[in-house]
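This report refers to the structure that appears directly beneath it.
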Amino acid sequence: MNLDDIRSDIDTLDAQLVQLLEARMALVSQVATFKKMTGGMVLDNSRELVILDRVASQVENPDYTETVVNTFKDILKNSRAYQEKVLKN
């Protein structure tokens, strides 16, 4: 396999990640709507800790754990920002 082949495989995975992230954000949008209707808070520390623990436990290669967990921290941060935006409108 050469560098172009590897990059092509990465591009394919990136396209799949975009679809999955978009599906996740559609659910985050539903969560935000629910919180708006019920007066719920955006940040739920205990829920985020559960997510991050679950993600860490699902990583098969321990060399990747920190990077994958940090990626999910960013996903959660951006999800919170989106929810804040929905709650303000």
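Descriptive notes on the structure:
- Annotation: of all residues in region 51-66 being loosely packed, with under 11 Cβ neighbours inside 10 Å and assigned to a helix (DSSP H, G or I), the one that is nearest to the chain's Cα centre (by Cα) is Arg54.
- Just one of the listed residues (Val28, Val69) is in contact with a Phe, Trp or Tyr (Cβ under 7 Å, 6 or more places away or on another chain) and either modelled with pLDDT of 95 or more or outside any helix (DSSP H, G or I) (or both), and it is Val28.
- Against the test of being within 14 Å of the chain's Cα centre (by Cα), open to solvent by less than 80 Å² (accessible area, probe 1.4 Å), farther than 13 Å from Arg80 by Cα and of a type in the set (Gly, Ala, Ser), the options Ala23, Ala15 yield a single qualifying residue, Ala23.
The values are calculated or read from the model by the stated rules, or taken from the named source; none is laboratory data. Just so it is clear, the structure is predicted and the values come from calculations on it, not from any experiment. All Cβ positions, even for glycine, are placed from backbone atoms using ideal geometry, and neighbour counts span all protein chains on display. Ligands, DNA and RNA are excluded from the accessible area calculation, which covers all protein heavy atoms including side chains. Shrake-Rupley method; radii C 1.70, N 1.55, O 1.52, S 1.80 Å.
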